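Student: Pasting a structure below so you can have a look.
The values are calculated or read from the model by the stated rules, or taken from the named source; none is laboratory data. All of these numbers come straight from a predicted model, not from anything done at the bench. As a convention, Cβ positions derive from the backbone with ideal geometry for all residues, glycine included, and neighbour counts pool all protein chains shown. Each accessible area value is taken on the protein alone, full model and side chains, heavy atoms only, with ligands, DNA and RNA left out. Shrake-Rupley method; radii C 1.70, N 1.55, O 1.52, S 1.80 Å.
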Amino acid sequence: MKWISENERNVTQKIPFKYMPLISVIIPVYNVEETFLRECIESVLEQNYTNWELCIADDNSSDLNIKLILEEYKLKDSRVKVIYRTRNGHISACSNTALDLVTGEYTALLDNDDILAPFALYEIVRALNENEESDLIYSDEDKILDGIRCFPFFKTTYNKKMIYYINYICHLVTYRTSLLREVGGFREGYEGVQDWDLAIRVMALTDKVLHVPKILYHWRISESSTSGGENRKSYVKEARKKLMLNIKKA
């Protein structure tokens, strides 16, 4: 497709970096289809930039195969860390458990059925070498439907006011880890809009926000994802209402 070739023709991984921070990728996992989970994890293992760690938290999945898969990858690569929650707490609590494993200076968010472009972390670090003080880095994204990339989202440059109306940050987003901890991580009770809520709270503390105009994230359209619309998860609308009330009070 033309938009793919035009977006990726200038991608290169040959520039050496002076600054090579550890990037922690966090994945909250719960009863995800095996094929999707493997593709997700493999997309991290295949990154051209290698100074990363993968921090996975399983939210007490009832599918026993999940633990077998996660243990397999933990043994396969020492950069993979896994923790198992003893009770199901939903995505915000699970993401915070994954965040507890993080030791990197920056933290990238990845859902358990989505895929990173192989040059995703490389492009984030290249941007950081040009703008080392950045606290939040976000990229363009597209979606995957039945294995086919579609619906590209080419985003605007940083606009602080716009975040109150639409979560244009979304995927891929990478935060300075210290700021994530300063705001207390993900808020429980905002499941479904937890990423949007997090972006708003972090952006209240910093204007050092950087847009990487490349598609670095492929958001899968599936029965378990909100990529196909909020109606797929009934609790999202209520969480969105709660977030909107908070914005009006701010």
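Student: Can you find a residue in the stretch 4-11 that is touching a residue at least 24 places away in the same chain (Cβ under 8 Å) and of a type in the set (A, V, I, L, M)?
Tutor: Checked against the condition, which is being touching a residue at least 24 places away in the same chain (Cβ under 8 Å) and of a type in the set (A, V, I, L, M), the stretch 4-11 yields at least one hit.
Student: Sticking with this structure for a sec: Within the stretch 47-121, considering only strands (runs of 3 or more DSSP E) that don't extend past its boundaries, which have at least 2 residues that are more than 10 Å from Val25 (Cα to Cα) and touching a residue at least 24 places away in the same chain (Cβ under 8 Å)? Reasoning before the result, please.
Tutor: Details: elements: 52-58, 80-84, 106-109.
Here the list reads 52-58, 80-84.
Student: Would you check if there is a residue in the stretch 193-210 being at pLDDT below 95 and farther than 30 Å from Glu130 by Cα?
Tutor: Within the stretch 193-210 (the criterion being at pLDDT below 95 and farther than 30 Å from Glu130 by Cα), the answer is yes, since at least one residue qualifies.
For (1) open to solvent by less than 10 Å² (accessible area, probe 1.4 Å); (2) touching a His at 6+ places or on another chain (Cβ under 7 Å); (3) charged (D, E, K, R); (4) closer than 23 Å to Ala117 by Cα, each residue gets a yes or a no:
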position: Pro16; (1), (2), (3), (4): no, no, no, yes
position: Val29; (1), (2), (3), (4): yes, no, no, yes
position: Arg38; (1), (2), (3), (4): no, no, yes, yes
position: Thr86; (1), (2), (3), (4): no, no, no, no
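Student: A further question follows. Please pick out the residue among Val125, Val80 that is touching a Lys or Arg at 6+ places or on another chain (Cβ under 7 Å) and open to solvent by less than 10 Å² (accessible area, probe 1.4 Å).
Tutor: Details: Val125 fails: touching a Lys or Arg at 6+ places or on another chain (Cβ under 7 Å).
Exactly one of Val125, Val80 is touching a Lys or Arg at 6+ places or on another chain (Cβ under 7 Å) and open to solvent by less than 10 Å² (accessible area, probe 1.4 Å), namely Val80.
Student: Let me ask you something else. Mind checking whether some residue in the stretch 138-146 is touching a Lys or Arg at 6+ places or on another chain (Cβ under 9 Å), closer than 25 Å to Ile23 by Cβ and aliphatic (A, V, I, L, M)? Talk me through it step by step, then tell me what you get.
Tutor: Of all residues in the stretch 138-146, those touching a Lys or Arg at 6+ places or on another chain (Cβ under 9 Å) come to 138-145.
Still in the list and also closer than 25 Å to Ile23 by Cβ: 138-144.
This time we only want the ones that are aliphatic (A, V, I, L, M), so: 144.
Yes, that holds for at least one residue.
Student: A further question follows. Could you tell me how many of the residues in the stretch 128-150 are open to solvent by 10 Å² or more (accessible area, probe 1.4 Å), within 22 Å of Leu37 (Cα to Cα) and in contact with a strand residue (DSSP E or B) (Cβ under 9 Å, 6 or more places away or on another chain)?
Tutor: 5
Student: Out of the residues in the stretch 136-188 that are aromatic (Phe, Trp, Tyr) and in a loop (DSSP other than H, G, I, E, B), which is nearest to Trp3 (Cα to Cα)?
Tutor: First, the residues of the stretch 136-188 that are aromatic (Phe, Trp, Tyr): 138, 151, 153-154, 158, 164-165, 168, 175, 186.
Now narrow it down to the ones that are in a loop (DSSP other than H, G, I, E, B): 154, 158, 165, 168, 186.
Numbers: Phe154: 10, Tyr158: 22, Tyr165: 27, Tyr168: 19, Phe186: 34 Å.
Step by step, filter the stretch 136-188, then rank; the result is Phe154.
Student: Oh, and also: Tell me, which residue of the stretch 40-59 that is of a type in the set (A, V, I, L, M) and farther than 10 Å from Leu121 by Cβ is surrounded by the fewest Cβ atoms within 10 Å (Cβ to Cβ)?
Tutor: Within the stretch 40-59, the subset of a type in the set (A, V, I, L, M) is 41, 44-45, 54, 56-57.
From what's left, farther than 10 Å from Leu121 by Cβ: 41, 45, 54, 56-57.
Working: Ile41: 25, Leu45: 15, Leu54: 25, Ile56: 27, Ala57: 28.
Only one residue fits best here, namely Leu45.
Student: Of all the residues that make up the stretch 44-65, how many are farther than 30 Å from Pro16 by Cα and in contact with a helix residue (DSSP H, G or I) (Cβ under 7 Å, 6 or more places away or on another chain)?
Tutor: Within the stretch 44-65, the subset farther than 30 Å from Pro16 by Cα is 57-65.
Pick out the ones that are also in contact with a helix residue (DSSP H, G or I) (Cβ under 7 Å, 6 or more places away or on another chain) and you get 57-59, 65.
Number satisfying all stated conditions: 4.
Student: Report, by residue number, each residue of the stretch 64-76 that is surrounded by 15 or more Cβ atoms within 10 Å (Cβ to Cβ) and of a type in the set (D, E, K, R). Show your work before the answer.
Tutor: Of the stretch 64-76, the ones surrounded by 15 or more Cβ atoms within 10 Å (Cβ to Cβ) are 66, 69-70, 73-74.
The one that is surrounded by 15 or more Cβ atoms within 10 Å (Cβ to Cβ) and of a type in the set (D, E, K, R): Lys74.
Student: Do the conditions hold for Leu210, that is, is it touching a strand residue (DSSP E or B) at 6+ places or on another chain (Cβ under 6 Å), open to solvent by less than 10 Å² (accessible area, probe 1.4 Å) and of a type in the set (A, V, I, L, M, F, W, C)?
Tutor: Details: touching a strand residue (DSSP E or B) at 6+ places or on another chain (Cβ under 6 Å): yes; open to solvent by less than 10 Å² (accessible area, probe 1.4 Å): no; of a type in the set (A, V, I, L, M, F, W, C): yes.
No: the conditions fail for Leu210.
Student: Of Ser178, Ser234, which residue is among the small types (Gly, Ala, Ser) and at pLDDT below 95? Steps first, answer last, please.
Tutor: Details: Ser178 fails: at pLDDT below 95.
Every option except Ser234 fails the conditions.
Student: Hey, another quick one. Could you check the stretch 165-223 and list, in sequence order, the residues that are among the acidic types (Asp, Glu) and farther than 22 Å from Val32 by Cβ?
Tutor: From the stretch 165-223, those among the acidic types (Asp, Glu) are 182, 188, 191, 195, 197, 207, 223; that's our starting set.
Of everything in the stretch 165-223, those that are among the acidic types (Asp, Glu) and farther than 22 Å from Val32 by Cβ turn out to be Glu182, Asp197, Asp207.
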